[in-house]
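Only one structure is covered here, and it is reproduced in the block below.
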Amino acid sequence: MPTSSFSGDLRAGVHGRFAARAHRDDSDAQKLNDQVMRMLDLATSRHPEFEQDCLSDPWRIAEHWREEVRIERVGSITEQVLNRFGSVVDDDGSGVIGLFSAARSRRWRHRIQVQFKGEYDARSNFTLMHEIGHYLQQTDDELATVLSGIGSQNGDHNLEETACNRFASLALLPDSYVTGILQGHPVDAIAVNRLFDRGRSSSLRSVRVSRPVVARRMADFLQCPGTVTLLQGGRRGDRRVEEARFDECRINVRTHAGGMAEYEGDLTDLERDMLERLRKGEGKPQSHEFTKPDGTRVRASIAESRGRYLSYFIVIKEEPPRS
Ligand SMILES: [Zn+2]
């Protein structure tokens, strides 16, 4: 795969995403987009194998970038270290952390530590890429200037963190990879589930990306207003949980086309309806289409994702009537 396809594809995808969005925070979105594109360009220009590493085994980056940054997996990152450097990533609220510490002088190397318990590669992959995002933004003059050029300190920090998450998402799930799995089909819950499952097949285990990251990223590929929702319930196999499986589902993330994400709140009536259809269908994926009085065509789908915990992807798309 030519190196240029990486940033080229991503550029098209991200510009498209933000172009479709008409919010008053357009300039913030543009700033974020520009920052992330520069990060990807920088990573690819310094390390032409970056794209391939991301898609095969992100931990190869530790070897390929070793001259400039020391990257290591550690059993735990102590609070003492965290208090001193204080860069934490927690991609889905489960307390997984990583740390970037800039070299204090030329005699030292920059350092990235990723907490790794050896059981869930998706989290450590994302954390690694997030911390590489900090490394790039804090050590490249152009990227650092963007951060320091923003008025409030809070603004800097938010942009830096958001850019790290977006960089990790695009590096692990580039447009070319996602469209290759979609194979021209529109996004629905089965496709979202397939993308998640692809990452955990044994041969490609290392590019596994967590469900919340997949759900957030797939909203980039909705071609009309809509949402990609990840619902999560209790641990599978617990009888009480199995019996109450549909009642106890909570929103993990609901991402709207355009990028806005919600992490809490009630299920919508249509999301509840889709869960009920799945229950009646004995857990098989379901789809449902109808037309609203105003002519909007609604296409909803749900698929259960296998795992230790009950998880469901729901995709809802609302195609406006053709005028
Ligand atoms: Zn961070």
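The values are calculated or read from the model by the stated rules, or taken from the named source; none is laboratory data. A quick note: this is a predicted structure, and the numbers were derived from the prediction, not measured. Note that each Cβ is placed from the backbone with ideal geometry, even for glycine, and that neighbours are counted across all protein chains shown. We work out accessible area using only protein heavy atoms, side chains counted, and drop any ligands, DNA or RNA first. Shrake-Rupley method; radii C 1.70, N 1.55, O 1.52, S 1.80 Å.
Would you list, by chain and number, the lysines whose Cα falls below 19 Å from the Cα of Lys317, excluding same-chain residues fewer than 8 positions away?
By straight Cα distance, Lys317 reaches Lys292.
Rank Ile71, Ile190 by accessible area, highest first, at a 1.4 Å probe radius? Each step should come with its number before you reach the end.
Working: Ile71 25, Ile190 80 Å².
My answer, sorted largest first, is Ile190, Ile71.
Non-local amide H neighbours of Ser305 (under 5 Å, H modeled in plane, Pro and chain starts lacking H): which ones?
Counting only residues 5 or more places away or on other chains, the set is Ser311, Tyr312, Phe313.
Using a 1.4 angstrom probe with every protein chain in place, what is the largest-first accessible-area order of Glu67, Glu304, Glu248? Provide the component values of the computation, followed by the final result.
Working: Glu67 150, Glu304 40, Glu248 65 Å².
Ranking Glu67, Glu304, Glu248 by accessible area, largest first, yields Glu67, Glu248, Glu304.
Using a 1.4 angstrom probe on the protein heavy atoms only, line up Trp65, Trp108, Trp59 by accessible area, largest first. List each step's numbers first, then the result.
Numbers: Trp65 0, Trp108 130, Trp59 30 Å².
If we order Trp65, Trp108, Trp59 from most to least accessible, we get Trp108, Trp59, Trp65.
Using protein chains only and a probe of 1.4 angstrom, how many square angstrom of Lys284 are accessible, to the nearest 10?
120
Starting from 0.36 nm per residue, how many nanometres of slack lie between Asp141 and Thr268 once their C-alpha separation is accounted for? Kindly include the intermediate steps, with their values, before the conclusion.
On the way: separation 127, 0.36 × 127 = 45.72 nm, distance 4.55 nm.
The Asp141-Thr268 span can extend by a further 41.2 nm.
Considering the alpha-carbon set of the range 175-319 alone, what are its Rg and its Dmax in angstrom?
14.8, 48
If you take the beta carbon distance between Arg60 and Ala103 as r and set R0 to 30 Å, what does 1/(1 + (r/R0)^6) give as a FRET efficiency, to the nearest 0.05?
Details: r = 22 Å, r/R0 = 0.74.
Plugging the Cβ-Cβ distance into 1/(1 + (r/R0)^6) gives 0.85.
Please give the peptides 50-57, 275-282 ranked by average Cβ packing (other Cβ atoms within 10 Å per residue), highest first, as a rough proxy for protection.
Working: 50-57: 20.1, 275-282: 14.0.
Per-residue mean Cβ counts within 10 Å order the peptides as 50-57, 275-282.
What is the extension gain from Glu49 to Lys284, computed as 0.36 nm multiplied by their sequence separation minus the C-alpha to C-alpha distance, in nm to one decimal? Walk me through the numbers on the way to the answer.
Working: separation 235, 0.36 × 235 = 84.60 nm, distance 4.01 nm.
Full extension of this stretch gives 80.6 nm more.
Once label points are set 7 Å from the Cα along Cα→Cβ at both Arg70 and Asp294, what is their separation, rounded to one decimal in nm?
5.9
Once you put a point 7 Å from the Cα of Ser176 and another 7 Å from the Cα of Glu318, both along the Cβ direction, what distance in nm separates them?
3.6
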